[in-house]
Amino acid sequence: MTLFEPLTSMLQSGEAHFEPFLPGLILLLPLLGFVLNGFLALRSAAGSSRALREGGEWDPFKTEPRPATHTLPSLIGPGVMLGAFVLALINFFGAMGADLHDPVIRSYWSWIATDTLQIDAAIQLDPLSLVMMLVITGVGLLIHVFSVGYMRDDPGYPRYFAYLNLFVFFMLALVMGANYPVMFVGWEGVGLCSYLLIGFWFSDREKSDAGKKAFIVNRIGDFGFLLAMFYLFTAFGTLDFQPIMEGAPDQLTYGSGLVTTIALLFLLGAAGKSAQIPLYVWLPDAMAGPTPVSALIHAATMVTAGVYLVARSSVLFALSPVAQATVAGVGVVTALFAATIALKQYDIKKVLAYSTVSQLGYMFLGVGVGAYAAGVFHLVTHAFFKALLFLGSGAVIHSMHHALHHTHKDWDAQDMRNMGGLRRFMPITWATMWIATLAIAGVWPFAGFFSKDEIIWAAGAWAGAESNPYGGLYTVYWVLALTAALLTAFYMTRMMVMTFHGQNRTGESEAEHLHEAPRVMTVPLMILAVLSVFGGWINVPEDLSASFFGLFGALPMSEWLHHWLEPVIHSAAEIQTEHMGEISHHAPFGGGEVMWAAVSTVLALAVVLVSSRALGGRSVKVAVEDGEPTAGLGRILYNKWYVDELYDRIIVQPVLGLSRWCWRFVDSVLIDGTVNFVANFTRLTGWLSSLFQTGQVNLYAFVLALGALLVLGAAVF
Amino acid sequence: MTDFLLSIGYESWILHALIWGPLVAMIHVLASPEDRAKHIAFRWSLALLAVSLGLWWAFDPGSGGFTMTSSRPWISAWGVDYALGVDGISLFMILLTTFTTPIAILGSFEYIGKREKAFYALMLLLEMGVVGVFAATDVFLFYVFFELTLVPMYFIVGIWGGERRVYAAVKFFLYTALGSLLMLVAILYLYFQAGASSFSIAALLDAPLTLQEQLWLFAAFAIAFAIKVPVFPLHTWLPDAHVEAPTPGSVVLAAVLLKMGTYGFLRFLLPLFPEAAQHPTVVTVMMVLGVVGIIYAAWVAAVQPDAKKLVAYTSVAHMGFVVIGIFALTVNGIQGGLVVMISHGISTGALFLLLGMMYERRHTRLIEDFGGIGRVAPLFATAFVITALASIGLPGTSGFVGEFLALLGTFETHPTVAILASTGVIFAAYYMLPMVQRVLFNKLDKEENRSFADLSRREIWILAPLLALMIWIGTNPSPFLERMGPSVERVIERVQLSSQEARLEGIELPGPAAEPNPTPARTGGQ
């Protein structure tokens, strides 16, 4: 039928049995990388600490050639990733054309087993985990390669790759685990690696603070995850995915308090990991880490774990319309809220951080309204274009840093006000980042167009579902989501214009040292750019495929991802349809998907064009001259709505104050005071009675008589 | 392995060897020259560890009762027996003791600078006492060993401790002695109530008691053990003792001495007084104290300027998980509690060793005196971070398995308690990470810290087995769980069965309480 028919037919699932190929090795390779790099890291750290103790600083790059500790990781780090990626691909293609309605489970050993509980160290291969594995190992490989260039001159080079490999191991465990506890191992493990990598340059107080904040805020989410597991265990007697998802529709009542509680607790966990309101505050601070880390952990993979969790538990969410509406609401409000903050940030990574929070909000909206495939779809495309944006910003910062370093100018290398006109120096970075910007803005035919459009459309379509009790609410979500999309187009354009266009503001002598990144960094950018263009084609929405947007049916993989994920999400979809009725084919205010797709892409493109013209002509002051915005909405947005300050005032300080009070008053005065009082009282009475032990017989006789009198008196009266 | 052990009659002599071995070692140490003392003590403790490891294979969980039992009359006039045995609960406590002792001894090589002979002799005496506590199946014998542990610890803190060592040692001694006196009274009452001809646990289980008697006796035992654990608000002796104790003292105190309290809960409180242990008021009180301990101690820990005091308070928080796990009376709760006991012994022991190493290098325990240590001592920092993570229960480490099971088991019967206690995972990060940051990270801005030496070979040998165990138990706790399982189930059965009986017979236990055997009671009271 089309040009791509052979490809299309290959991608359909069939009847054959899926025999995974060395799935455990996919996990083991990054772990091996961690061990080897970790060993090198300790070796090199021993050298650096020796130098420090002798009073000097250590420079591993003094000697030529570089020491093995700083060359081998370039092989090991990306090498194990390549191996894992190839294995993931083999398994992915092996799974195609096979019957995947039951996940393939490999159980390695019995992890925690008691009389009533059985948790295996088991992994599960199914459509969802296979997609996630591809994204993690694929994008991860590119970022590892990029890091070889980016981190080249860092003394902590081997340690960096050790942490990065360990992260991939835990991230794979998170998506491959066949039960909630194994997933939780990955869940907290990636949090640990995030902590270690945010605080990678740990000598800097601010950076290690940021790592600590990320860990503690995430633990608030983990608390929800833990409790959800407890509820699930009491309801099902197991924590394995398969029996829970199969049994849930029968064992849990639709809309019951129990299932709503479980789903909302999982949402708390997801909000922590995926930086949603109210737990998003750690992610912007997490930008303290090296930029490739932000790309891998804080954009492409770890922060999407919450979306994965909801998709993985789709049946539970589908059973609770309240929880669904909450997930979607949290998502869309976060999307809009973070977008407003991004409007007024000057740090290029902060813009991208809030953008990530905002895009994750879209994914939550998607999985919240029951469009699990759309949510996962946006997760995949976002991994491409946001990783690209972060790596691109890394290339920019890298270049800025070198330029400023050359003349010892102590300007902020990440502040966009100090940039401008970088297009001239970094054409590849410029071009690839524009592709990503168009993708995130939702301009056709870039990847983000298809995925974002499908989410927004799903919100609108479910708003009009026959018997959706929250139809009105979904309509609001739909409007908010459209608004946030326009903001996205604006702040991204602003970022691109401030960074790459106009006059260069870095300074004349500095500008001479601005340069394009080396090949090892630009190649990953280019590959990601290709993916940001074509990545959306894996799931062209059905209604669009026959229209102009689907090139009138010529795009090959219409609804492919949706079909691929069908085994994982079909029962959730059935539950939702059963209770909410069929979805509408009209948006809340009329119009079909094609029309709204046209409206949104035209609007997005218009915002990009208009704002780039408007901003392009504006003159920007460099950071030292500009200072902070002092009035109006700009100041509030620049200060991120003062949420950090609010949390500090209402949570952090009270807990600290209470802790001090517990120590200084309850523990020291009340409890220990009582203990010491008893001891002293005993001693006092002992001392008092010792006063009577004078050895004088007449005193004893007197006391004896007195006592006798008292007894007599008591007896008489 | 098992066959080999059987062929050498391992089962019949191992427990005796582990009790009397330390005593022989102690005599050897005392008879040796001062400068040889530590090496002799270390070798003996290592040999005892090696011998005790056979328990891992020789122990057969069976139906959960005592195995390797042996008994001979000791004070036959009172029916006191020298009776030993081991079950799935005490097995790991004994192994934890024999495992911790050589590590603590090796950890004192640099720290202990005076009167070494006496010190190592006392450490071995302590080992004897603790093993005795866990191996005794006769309540009187248990009590003797329980008291015996007080003496060496008192001297270890009082002689080799810090500035306020005498205050701390006396507080420790009086506090615990007070508790055990209450227990002694209760034991004697129980003995006469049972019409007793024997102090063995099995005999005392049959003591006919009214609910009211049970509650009183429960209270007496519970206070004794709760001081040891320690349960909030009876915990204030612990931070003082820890801060003043020398490193090896802290290690043994945290790793095994505290466990005698929770072990007592499991071994005596639940089986001896099942009615009381299930009484709603009692359960509520214990649960509330456990939860308060978890949260309150975490908060207090978070604001401590002294690193050692911080870790001491975290012990109270950790033991809170054990307390709620035990009184939840579920298999998962109690097994979780046991794993927390093991895990806490390993990770907190390791933390105290690390803090001791810091003290040896810098002669300060204040967190603010450090900073940037990660740059000069990478191995030390790595060990510190792994230990801290195990302590706050990161999945994949031993701490997680224990806390997860304890909370899950608690949730099964007391969801509200488990929900409140689960906030402990947040507060654990809140107390531990700032300390890690302020010690290892941040700027290396103090000149003295530049010369902070990394781990020596000896120190690596001390820490490596502890770190390996944290990961091993975290990733594969099944061999542990399956060995303790039957004994835990047996405890629960005993408690639930007796309450069923009581219910069948109409709540009022047919107690000859009104007219107990009055004669022995009077004489015994003297």
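The values are calculated or read from the model by the stated rules, or taken from the named source; none is laboratory data. In this text the structure is predicted, and so the values were computed from the model without any measurement. Ideal geometry is used to build each Cβ from the backbone, glycine not excepted, and the neighbour counts take in all protein chains shown.
Here are the numbers for this structure:
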read-out	value
Index of the failed condition, A:THR63 passing every other in (1) free of Cβ contacts under 8 Å to residues at least 40 places away in the same chain; (2) more than 12 Å from every other protein chain (Cβ to nearest Cβ); (3) assigned to a helix (DSSP H, G or I)	(3)
Subset of segment B:434-450 [at the interface with chain A (Cβ under 7 Å from one of its Cβ atoms) and either closer than 22 Å to B:LEU351 by Cβ or in a loop (DSSP other than H, G, I, E, B) (or both)]	B:PRO434, B:GLN437, B:PHE441, B:ASN442, B:LYS443, B:LEU444
Extreme residue, nearest to A:ALA41 (Cα to Cα), among residues of segment A:227-239 that are surrounded by fewer than 22 Cβ atoms within 10 Å (Cβ to Cβ) and more than 10 Å from every other protein chain (Cβ to nearest Cβ)	A:THR238
Odd one out for A:SER49 among (1) under 25 Å from A:GLY199 (Cα atoms); (2) in contact with a helix residue (DSSP H, G or I) (Cβ under 7 Å, 6 or more places away or on another chain); (3) in contact (Cβ under 8 Å) with a residue 12 or more places away in the chain; (4) among the small types (Gly, Ala, Ser)	(3)
Which listed residue, of B:ALA202, B:ALA186, B:ALA177, B:ALA207, is part of a loop (DSSP other than H, G, I, E, B) and farther than 30 Å from B:ALA47 by Cβ	B:ALA207
Candidate set from segment B:393-418 (those that are more than 7 Å from chain A (Cβ to nearest Cβ) and of a type in the set (Gly, Ala, Ser)); member that is surrounded by the most Cβ atoms within 10 Å (Cβ to Cβ)	B:ALA406
Which listed residue is touching a residue at least 60 places away in the same chain (Cβ under 8 Å), within 21 Å of the chain's Cα centre (by Cα) and in a loop (DSSP other than H, G, I, E, B), from B:GLY85, B:GLY64	B:GLY64
A:GLY191 being surrounded by 24 or more Cβ atoms within 10 Å (Cβ to Cβ) and within 11 Å of chain B (Cβ to nearest Cβ)	yes
Residue check, A:PRO524 in contact with a Phe, Trp or Tyr (Cβ under 8 Å, 6 or more places away or on another chain) and within 30 Å of A:ALA623 (Cβ to Cβ)	yes
One residue from A:TYR372, A:TYR362 being under 30 Å from A:VAL322 (Cβ atoms), of a type in the set (Phe, Trp, Tyr), in contact (Cβ under 8 Å) with a residue 60 or more places away in the chain and in contact with a His (Cβ under 7 Å, 6 or more places away or on another chain)	A:TYR362
Where B:ILE19 falls short, out of the listed (1) among the hydrophobic types (A, V, I, L, M, F, W, C); (2) more than 17 Å from B:LEU122 (Cβ to Cβ); (3) touching a helix residue (DSSP H, G or I) at 6+ places or on another chain (Cβ under 7 Å)	(2)
Residue that is within 19 Å of the chain's Cα centre (by Cα) and surrounded by fewer than 24 Cβ atoms within 10 Å (Cβ to Cβ), where the choices are B:ILE227, B:ILE201, B:ILE295	B:ILE227
Filter result (within 30 Å of B:ARG362 (Cβ to Cβ) and of a type in the set (Ser, Thr, Tyr)) within segment B:77-128	B:THR100, B:THR101, B:SER108, B:TYR111, B:TYR120
The listed residue being more than 18 Å from B:GLU412 (Cβ to Cβ) and not small (Gly, Ala, Ser), out of A:LEU227, A:LEU265, A:LEU279, A:LEU232	A:LEU279
Subset of segment A:203-226 (residues that are hydrophobic (A, V, I, L, M, F, W, C), surrounded by fewer than 23 Cβ atoms within 10 Å (Cβ to Cβ) and at the interface with chain B (Cβ under 7 Å from one of its Cβ atoms))	A:ILE216, A:ILE220, A:PHE223
Residue satisfying condition, being in contact with a Pro (Cβ under 7 Å, 6 or more places away or on another chain) and either under 30 Å from B:GLN496 (Cα atoms) or within 13 Å of chain A (Cβ to nearest Cβ) (or both), within set B:VAL323, B:VAL339	B:VAL339
Top-ranked residue of segment B:150-173 - restricted to ones that are modelled with pLDDT under 90 and not charged (D, E, K, R), ranked as surrounded by the most Cβ atoms within 10 Å (Cβ to Cβ)	B:GLY161
Looking only at segment B:349-377, and only at residues there that are β-branched (Val, Ile, Thr) and in contact with a Lys or Arg (Cβ under 8 Å, 6 or more places away or on another chain), the one that is farthest from B:LEU389 (Cα to Cα)	B:VAL376
Matching helices (runs of 4 or more DSSP H) fully within segment A:484-545 where at least 1 residues are under 18 Å from A:GLU454 (Cα atoms)	A:519-534, A:542-545
Test: B:ALA468 is modelled with pLDDT of 95 or more and out of contact with any strand residue (DSSP E or B) (no Cβ under 9 Å at 6 or more places or on another chain)	yes
Filtered residue count, segment A:442-497, keeping only those that are farther than 25 Å from A:LEU352 by Cβ, among the polar types (S, T, N, Q) and at pLDDT 90 or above	1
Helices (runs of 4 or more DSSP H) wholly inside segment A:283-376 that include at least 1 residues being more than 15 Å from the chain's Cα centre (by Cα)	A:305-312, A:314-318, A:321-342, A:348-368
Answer residue from segment B:451-488, given it is farther than 24 Å from B:ASP87 by Cα, more than 10 Å from chain A (Cβ to nearest Cβ) and charged (D, E, K, R) and is surrounded by the fewest Cβ atoms within 10 Å (Cβ to Cβ) among those	B:ARG457
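Yes/no per residue for (1) part of a helix (DSSP H, G or I); (2) hydrophobic (A, V, I, L, M, F, W, C); (3) farther than 30 Å from B:VAL282 by Cβ:
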site	(1), (2), (3)
B:PHE352	yes, yes, yes
B:GLY371	no, no, yes
B:VAL401	yes, yes, no
B:LEU407	yes, yes, no
B:VAL425	yes, yes, no
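Results for (1) assigned to a helix (DSSP H, G or I); (2) more than 14 Å from every other protein chain (Cβ to nearest Cβ); (3) surrounded by fewer than 23 Cβ atoms within 10 Å (Cβ to Cβ), shown as yes or no for each residue.
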{"position": "A:LEU87", "(1), (2), (3)": "yes, yes, yes"}
{"position": "A:ILE90", "(1), (2), (3)": "yes, yes, yes"}
{"position": "A:ILE105", "(1), (2), (3)": "no, yes, yes"}
{"position": "A:ALA121", "(1), (2), (3)": "no, no, yes"}
{"position": "A:LEU141", "(1), (2), (3)": "yes, yes, no"}
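Table: residues versus (1) away from every other protein chain (no Cβ under 14 Å); (2) surrounded by 24 or more Cβ atoms within 10 Å (Cβ to Cβ); (3) in contact (Cβ under 8 Å) with a residue 60 or more places away in the chain.
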{"residue": "B:GLU275", "(1), (2), (3)": "yes, no, yes"}
{"residue": "B:VAL300", "(1), (2), (3)": "no, yes, no"}
{"residue": "B:ALA312", "(1), (2), (3)": "no, yes, yes"}
{"residue": "B:MET319", "(1), (2), (3)": "yes, yes, yes"}
{"residue": "B:THR330", "(1), (2), (3)": "no, yes, yes"}
{"residue": "B:GLU368", "(1), (2), (3)": "no, no, yes"}
